[in-house]
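Have a look at the structure below before the remarks.
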Amino acid sequence: MKSKLFAVIIGASIVSIALFITACPSTKQASVGDSDAAAKVYVAPGKQDEFYAFMSGGFSGQIGVYGLPSGRLLRVIPVFSQDPEKGWGYSEETKPMLNTSGGFVPWDDTHHLQLSQTDGVPDGRWIFVNGNNTPRIARIDLRTFRTVETMEIPNTAGNHASPFITSNTEYTVAATRFSEPYQFENTDVAIADFKDKFKGAFTFVKVDKTSGSMNIAFQILMPGFNYDLSHAGKGKSEGWFFFTCYNSEQANTMLEVNASQKDKDYIAAVNWKKAEEYLAQGKGRDVKASYMHNVYDESTHSAHSEILNTLKTLNPAECPGLVYFIPTPKSPHGCDVDPSGEFIVGGGKLSTVIPVFSYTNIQKAIAEKNFEGDLYGIPVLNYKAALHGEVEKPGLGPLHTEFDGKGNAYTSFFVSSEVVKWGLADCKVIDRTPTYYSVGHLVIPGGDSKKPWGKYLVAMNKITKDRYLPTGPELSQSAQLYDISGEKMKLLLDFPTIGEPHYAQAIPAELVKDKSLKAFKLKDNHHPYVTLGEKEARVERKGNEVHVYMTAIRSHFKPDNIEGVKMGDVVYFHVTNLEQDWDVPHGFAVRGAENAELLIMPGETSTLKWVPKKSGVHAMYCTDFCSALHQEMQGYVRVSPAGSKVELSANANGSKQ
Amino acid sequence: MTFSFKTRMTATFAAAILLILVSCTKSDDKNGNTAEKPAEQALKAKVQYGKIKEVQLTATIDNDLAHKGGKVFDVTCTGCHKYDERYVGPALREVTKRRQPEFIMNMILDTETMIEKDDTVKCLLQTYLQKMPNMQVDEKDARAVLEHLRDIADKK
């Protein structure tokens, strides 16, 4: 007690000393600065954020959706992952979304996101994301914030430079990070034969203008390098696509050393309009392939998978003018095109400068055949001829550059842990600010489009260390929000994120929020097992399969008493949520289910497969608090021993309703 | 919908205030038809709340419309209503005899307003403790449901 009192006295004296100190003008100024930052990120209770930020969830296989400037987590979208919270990838309807030519693959490593664009400006219709490990591209519908399509990418290992898109979402692309033997050739080769047998590929996936539906239009067969990142040309450079590559040394072991030998690697400039011309002339060659296409149909609330077997390829050696290499120092990562489309910035991880190429100069060099040679039949431009300028001594380990639309570029530096602002016209550094710690990618709203909205920059850091309360060896990921409206960048906020966010997209809220769906219309529900009204609720037996046509509405299931299930049966609960109001999902869980709960949106039908492991009476209930009588939303299913004479029934034997 | 404990407490508290503010006398007949004093008054009074101000009824039942309404009713309403017994909500066999057509239309189409403002509905909530959800029925379908309810009123 005594020591406590003492502590209080000491504490009080410290406070009074502190009060005295804060009377000094200099300290006062600093505290004003802090409250200014707080006011800039404060979104009052009941108010909404100005921007949506979509951040890759890295090795969680998901996407995190945050509000800016608050940094509040709004939603986690499962993409290449199962998510027990939503039953995604566990319900019978969503399982096919995770099918690949190699079977059910419920995990991936999501790296990069791209919002669909119209005339080079994000339009808020869809967002695309890559699966790096088992190469896929997914499309998420921003009406529902759900994954609606996935396309597997053949001849690709590590789909990294993806899913970057063209200005009118004509194409989303994929490129192989790890070169490998093509599927249509002998794949059982010695790794030591890398230089001979391992090849790269750029894949152009056509996106339907209206439906968003994807199909692989063509694949360009590339030399066996590592392809890293890409961006489409726009404005001036419309019709072109730029891909960085490293390991032009073609090492297959200890790349850390062996792929860092040469001073320069390349940016591959692809003329995709030319590719379309060659295809129209019949220059495309069909090859055998095997890749899965999964589509989620909103009217049946179900996904289906289709395996595809052919692929059209183009060989740049046979298609002059299709691909050029631009020498780029050194092991470049980011490949970023400014809003005008004139400047292409390479982020050379091991480079001491940031090279800025000029589209005009590239075209001039091509026209004048200003080449330093060729690689596998692909012309290599003269570095100096393609160059606009170099940002000198910018920092260590440049990775990725975004733009503010006011002539400035912002580059992340992993090694020196900072963001550097520089001018596109003169390549001079304007400002630099530290990140905590080791920044990877950056995002400015619209910062890789024709029309950056500017205002904020988010740094996505690779190292978190001491920024938050410790949570054991594994820490949350660290994002930092900067105000970039002035000459100097200013740190406003730290906020934690999930997985490892590699790349992000941000967009003004009004381009997305007004399109958000509130409920699925029951009258448009064409699920084969839909129960349209309680009158239709029933149980049916098909051999050892039991199908429960179940409805859910505040606050009961129908049927809620089921008998006559026997050991050895496989039970399918097809639950239709009859609600038509916003924010009234119902959950469904039954004891012993080995998958997950269902979370059924208003007007939707979802199916839980249940194989009882024990006879007896099992409880089932609604898992999502739906109303005052949510705790009453429950039922029982009786499982009798195999061979039992109990007839299959729903709410029979006098059980009410 | 995620409710924190606090939200629930707030909701309970609000409901308690409601109980004090609206005093209802209710009488349930054996079939679950519920009649409240304010409702009887409401039957005679002009409609006060909701976007539907006037419904034109025909002297005889429009059979086609009633049939269509029956189909909508089966999908949309049977989750909570039966004709002759109380379920989640009141029995609806004779609802057209105890409520104005405008009241019925507004309960379907402008549910939130009715729950918030109409004294009769506030009393019903005390009995049933479950807010009627807005099922996003359009006006045409709601009118058909009304015709269906008129049609079944005497068909027990």
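The values are calculated or read from the model by the stated rules, or taken from the named source; none is laboratory data. Here the structure is a predicted model, which is why all the values come from computation and not from measurement. Note that each Cβ is placed from the backbone with ideal geometry, even for glycine, and that neighbours are counted across all protein chains shown. Surface accessibility is based on the protein's heavy atoms, side chains included, excluding ligands, DNA and RNA. Shrake-Rupley method; radii C 1.70, N 1.55, O 1.52, S 1.80 Å.
A few remarks follow.
- Probe 1.4 Å, protein heavy atoms only - accessible area per residue of the stretch B:85-136 in square angstrom: 38
- Helical segments meeting 20 Å axial Cα length and Kyte-Doolittle 0.5 threshold in chain A (DSSP H): A:2-22
- Heavy-atom accessible area with a 1.4 Å probe sorts A:THR144, A:THR169, largest first, into A:THR144, A:THR169.
- If you take the Cα centroid of the stretch A:180-255 and the Cα centroid of the stretch A:379-439, the two points sit 25 Å apart.
- Counting heavy atoms of the protein chains alone, A:MET567 has an accessible area of about 60 Å² for a 1.4 Å probe.
- Interface residues, the stretch A:510-548 - accessible area loss of 30 Å² or more versus chain alone, probe 1.4 Å: A:LYS523, A:LEU532, A:GLU534, A:LYS535
- Relative contact order (percent, whole number), chain A, Cα cutoff 8 Å, 6+ residue spacing: 10
- The local environment of A:GLN480, defined by Cβ-Cβ distances under 10 Å, has a net charge of 0 under the rule Lys, Arg +1 and Asp, Glu -1.
- Total charge dipole magnitude, the stretch A:431-573, about the Cα centre, Cβ charges on Lys, Arg, Asp, Glu only, Debye to nearest 20: 360
- Per-residue SASA entry for A:VAL345, accessible area with 1.4 Å probe, Å² rounded to 10: 0
- The mean number of Cβ atoms from other chains found within 10 Å of a Cβ in peptide B:129-135 is 6, as a whole number.
- Under 20 Å from the Cα of A:LYS364 - aspartates and glutamates, other chains or at least 8 residues apart: A:GLU238, A:ASP338, A:GLU342, A:GLU372, A:ASP374, A:GLU390
- Positive-pole candidate from A:ILE165, A:ASN651, A:CYS335, dipole of the protein assembly as shown, charges at beta carbon: A:ASN651
- Net charge dipole size for the stretch B:74-124 [Lys, Arg +1 and Asp, Glu -1 on Cβ; Debye, nearest 20]: 220
- Farthest towards the positive end of the charge dipole of chain A, among the residues A:MET633, A:SER116, A:GLY440, is the Cα of A:MET633, using unit charges on the Cβ of Lys, Arg, Asp and Glu.
- Full extension of the segment from A:GLU85 to A:MET567, taken as 0.36 nm per residue of separation minus the current Cα-Cα distance, would add 170.7 nm.
- Highest average first, the peptides A:411-424, A:518-531, B:107-120 ordered by how many other beta carbon atoms sit within 10 Å of their residues are A:411-424, B:107-120, A:518-531.
- When the listed pairs A:LYS455/A:LYS490; A:LYS236/A:LYS369; A:LYS234/A:LYS273; A:LYS209/A:LYS283 are checked against a 18 Å cut-off, the alpha-carbon distance exceeds it for A:LYS236/A:LYS369; A:LYS209/A:LYS283.
- Portion, in percent, of the accessible area of the stretch B:39-134 that falls on carbon or sulfur, probe 1.4 Å: 52
- Partner lysines for A:LYS86 [C-alpha distance under 25 Å; skip if fewer than 8 residues away on the same chain]: A:LYS95, A:LYS513, A:LYS515, A:LYS518, A:LYS521, A:LYS523, A:LYS558, A:LYS609, A:LYS613, B:LYS6
- Of A:ARG541, A:ARG591, B:ARG93, the residue with the largest accessible area leads and the full order is A:ARG591, A:ARG541, B:ARG93 (1.4 Å probe).
- Mean residue ellipticity at 222 nm, helices only, the protein assembly as shown: -5500 deg cm²/dmol; runs of at least 4 DSSP H residues each add -39,500 (n - 2.57), and the sum is divided by the number of residues.
- Ordered by solvent-accessible area of protein heavy atoms (1.4 Å probe), largest first, the residues A:MET292, A:MET633 come out as A:MET292, A:MET633.
- Formal net charge of residues neighbouring A:PRO585 (Cβ-Cβ distance under 10 Å; K, R +1; D, E -1): -3
- Per-q log10 I(q)/I(0), chain A, q = 0.05, 0.07, 0.08, 0.12 Å⁻¹ (Debye; single scatterer per alpha-carbon; no solvent): -0.28, -0.53, -0.67, -1.20
- Heavy atoms of A:ASP514: accessible area, 1.4 Å probe, square angstrom to 10: 120
- Hits among lysines - C-alpha to C-alpha of B:LYS155 under 22 Å, sequence gap 8 or more where chains match: A:LYS535, B:LYS30, B:LYS68, B:LYS71, B:LYS82, B:LYS97
- Percent of Cα pairs exceeding the 17 Å cut-off, where the set is the stretch A:385-507: 54
- Surface burial for B against A, with a 1.4 Å probe and both sides summed, reaches about 2000 Å² of accessible area.
- Cα-centre dipole for chain A with unit charges at Cβ (Lys and Arg positive, Asp and Glu negative), debye to 20: 840
- Averaged per residue, chain A has 40 square angstrom of accessible surface, using a 1.4 angstrom probe with ligands and nucleic acids left out.
- Of the residues making up the stretch A:600-634, those losing 30 Å² or more of accessible area when the isolated chain is joined by the remaining protein chains, with a 1.4 Å probe, are A:PHE625, A:LEU629.
- Gyration tensor verdict on the stretch A:267-311 (Cα atoms; rounded if a/c is under 1.5, prolate if a/b is larger than b/c, oblate otherwise): prolate
- Summed residue charge, Cβ within 13 Å of A:GLU390's Cβ, Lys/Arg positive, Asp/Glu negative: +3
- Legend: Rg and Dmax of the stretch A:295-376, from Cα coordinates, 19.7, 57 Å.
- Top positive-direction residue, dipole computed over the protein assembly as shown with Cβ charges, set A:VAL323, A:ASN247, A:TYR621: A:TYR621
- Once both labels are positioned 7 Å from their Cα atoms along Cα-to-Cβ, the gap between B:HIS67 and A:LEU396 label points is 8.3 nm.
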